[in-house]
1. Given R150, R119, R129, R168, which one is more than 8 Å from ligand 2 (Cβ to nearest atom) and farther than 24 Å from I64 by Cα?
2. Just one of T59, T63, T34 is at pLDDT 85 or above and not in a helix (DSSP H, G or I); which is it?
3. Between a first residue in segment 13-42 that is near ligand 1 (Cβ under 6 Å from one of its atoms) and a second residue that is charged (D, E, K, R) and not in a loop (DSSP other than H, G, I, E, B), which pairs have beta carbons less than 7 Å apart while being 6 or more apart in sequence or on different chains?
4. Mind checking which residues of segment 45-56 are in a loop (DSSP other than H, G, I, E, B) and under 10 Å from the mean Cα position of the chain (by Cα)?
5. Take the residues of segment 147-176 that are surrounded by fewer than 16 Cβ atoms within 10 Å (Cβ to Cβ) and of a type outside the set (G, A, S): which is farthest from A106 (Cα to Cα)?
6. Would you pick out the residues in segment 132-146 that are in a loop (DSSP other than H, G, I, E, B), within 8 Å of ligand 2 (Cβ to nearest atom) and surrounded by 13 or more Cβ atoms within 10 Å (Cβ to Cβ)?
Amino acid sequence: MSHAATRQSDNAASVACRHLATRDGRSFCTLAETMAGKGKAIPVSQRQCEECLKCPDRTNAVTIGMTLIHLRREDPDLYEEAKLKWLPVLNQQSWSAMAKVSRYAASTLEWFRAGRPVRSDSEVTRILRLCQSNECGDYEARGDDRGMCRACGCMLNLYGGLFNKIRRATEHCPKEYW
Ligand code: SF4
Ligand code: SF4
């Protein structure tokens, strides 16, 4: 695959990683592109890179997760192929080692192993409103309907499961509010 790319720093994601590339002002993960195959460009954010770098291995829950979620949306046939190839790799990674380096990575691994179960939109909205009421004292607003739980460090919003603790049916409130 050829990339007319500028490496790192002057774009949304700015981390020291040889797999980070910039094209037309957007950041892409070339490792995820290789995982996806057939020249699929996989956009990457600062947040994803920061989580990825917490793991010693770049082939991890973040890069596999973003590859599969991107393909599922953009190319269902290629998604089925990639799932057969990469889910076993994810499943071979040690739960305890992952949990030590990144709670997010461990949560992602558990979520994938369970088949990526998700809560409904109405349930996610109900839970986010509960978090936003800040009865627990640990909700930190990060914009409209976006926040972070200070008790566990997870992102809370109305989006899909890749970066939203509430959406993942495998996740629960660390203070047992939900
Ligand atoms: S997701 Fe990971 S491998 Fe990809 S560019 Fe970011 S740090 Fe590098
Ligand atoms: S997940 Fe629980 S502890 Fe965290 S902000 Fe929501 S209600 Fe509070």
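The values are calculated or read from the model by the stated rules, or taken from the named source; none is laboratory data. If you're wondering where the values come from, they're calculated on a predicted model, not measured in any experiment. For neighbour counting, all protein chains shown are included, and Cβ atoms are generated from backbone atoms with ideal geometry for every residue, glycine included.
1. R129
2. Testing whether each residue is at pLDDT 85 or above and not in a helix (DSSP H, G or I) leaves just T59.
3. V15/E50; L20/R7
4. Listed by number, the list holds a single entry, S45.
5. Checked segment 147-176; the qualifying residue farthest from A106 (Cα to Cα) is L158.
6. C136, D138
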